[in-house]
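Inspection log for the structure reproduced underneath, given as structure tokens.
The values are calculated or read from the model by the stated rules, or taken from the named source; none is laboratory data. As the structure is a computational prediction, the values presented were derived from the model and not from experiment. Note: ideal-geometry Cβ built from the backbone for every residue, glycine included; neighbour counts use all protein chains shown. For the accessible areas, the whole protein counts, side chains as well, though only heavy atoms, and no ligand, DNA or RNA atoms are used. Shrake-Rupley method; radii C 1.70, N 1.55, O 1.52, S 1.80 Å.
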Amino acid sequence: PPAPAPSFIDSWAVVVATHKYKSCPRLAYPVNDARGMKELLISKYHFKPENVFLLLDEDATREKILNVLGDKLADPARVKKDDRVLVFFAGHGVTRRLPSGKSLGYLVPVDADQASYQSQAISMTNFQDVSEAIPAKHILFVTDACYSGVALTRGGGTSSGLAYLREVRRRTVRQVLTAGGADQEVADGGPSGHSIFTWALMQGLEGKAGLSGDGFITASELAAYVGPTVSSLSRQTPAFGNLVGSEGGEFVFELKHESE
């Protein structure tokens with residue numbers, strides 16, 4: 001039989017959520033979304049608890065978020081080349097129209113002032129810089145926030161098979177899955193006390209996105225499940241793609257069987 005698809009050496013996650021904003025309307029479910037995602041990653045995908053950084057409410061400041069991403073996870077003594085990193089953010093997003101006519105998207109930390117997004121929010125340019133500093137081969141940014149202005153190239157396909165999985169795991173990738181665009185709002189009132197986007201995301205990761213039945217879910221398969229599910233339940237259009245610099249890889253979730 002063919003050799004199994006190689007597993008990653010280590011998995012890391014940064015899970016960020018806030019609803020107690022200083023200058024933005026409060027959201028009902030981000031903290032519940034974050035706790036649910038952390039539990040799912042640990043129980044279903046065997047992320048080590050000590051490798052999951054949870055930043056909630058007053059801890060979800062710009063400084064602390066960028067400290068974890070840009071300092072702790074950029075440390076090659078901690079994160080290795082064959083590791084993978086998942087970043088989940090639940091909260092507000094904004095889009096700024098630039099003089100050139102282009103747009104720039106921001107995620108809004110708990111301490112950001114609406115009049116000072118450039119200095120106090122986290123732009124997609126910041127995430128691009130951070131993603132290049134982290135040694136891990138595979139990074140997936142999942143943002144339960146609505147914004148646009150992120151330069152994405154087309155996402156991967158939904159191919160399956162061990163040969164395909166081996167190849168995409170070998171290649172570098174920086175992927176982004178967002179809840180919606182600039183003129184949309186996060187649909188807070190989903191099932192089970194989650195936003196609609198995070199509920200769909202968790203349903204996909206519980207196994208519904210794994211249509212090939214091979215025990216693996218690629219980020220592309222996850223996006224292909226989450227997008228139509230969210231759009232059918234709310235006025236949101238999730239977006240998915242690769243950041244500049246990706247080299248054809250895929251972030252891959254390996255489903256663990258309950259018997260394990």
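Going by accessible area, probe 1.4 Å, with all protein chains left in place, what is the ranking of K102, K64, largest first?
Reading off the accessible areas and sorting them downward yields K102, K64.
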- Message: Using a probe radius of 1.4 Å on heavy atoms only, what accessible surface per residue do you get for the chain? Whole Å² is fine.
- Response: 44 Å²
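Given R₀ = 30 Å, what would the calculated FRET efficiency be for R166 paired with A77, taking r from the Cβ atoms and rounding to 0.05?
With a Förster radius of 30 Å, E is 0.60.
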- Query: Any idea how far apart S23 and S43 come out in nm if each label point goes 7 Å out from Cα toward Cβ?
  - Reply: 3.9 nm
- The size of the Cβ-based charge dipole (Lys, Arg +1; Asp, Glu -1) of region 50-119 about the Cα centre, to the nearest 20 debye, is 500 debye
- Under a GNM of the chain (C-alpha, springs under 10 Å), which listed residue has the highest mean-square fluctuation: G215, G91, G204? G215
- Query: If you line up the long axis of helix 219-233 against the longest principal axis of the chain, both from Cα atoms, how many degrees apart are they, to the nearest 10?
  - Reply: 50 degrees
- Rounded to the nearest 0.05, what FRET efficiency do K102 and E50 have when you use their Cβ-Cβ distance and R0 = 35 Å? 0.30
- Counting only protein heavy atoms, what percent of the accessible surface of the chain is carbon or sulfur at a 1.4 Å probe? 50 percent
- Query: From the Cα gyration tensor of region 19-136, with a ≥ b ≥ c the square roots of its eigenvalues, which class applies: rounded if a/c is under 1.5, or else prolate if a/b is larger than b/c, or else oblate?
  - Reply: oblate
- Note on the structure: Taking a crude spin-label model, label points 7 Å out from Cα along the C-beta direction, the A133 to D214 distance in nm is 3.5 nm
- Working from Cα positions, state the angle (0 to 90°, nearest 10) between the long axis of helix 30-45 and the longest principal axis of the chain. 10 degrees
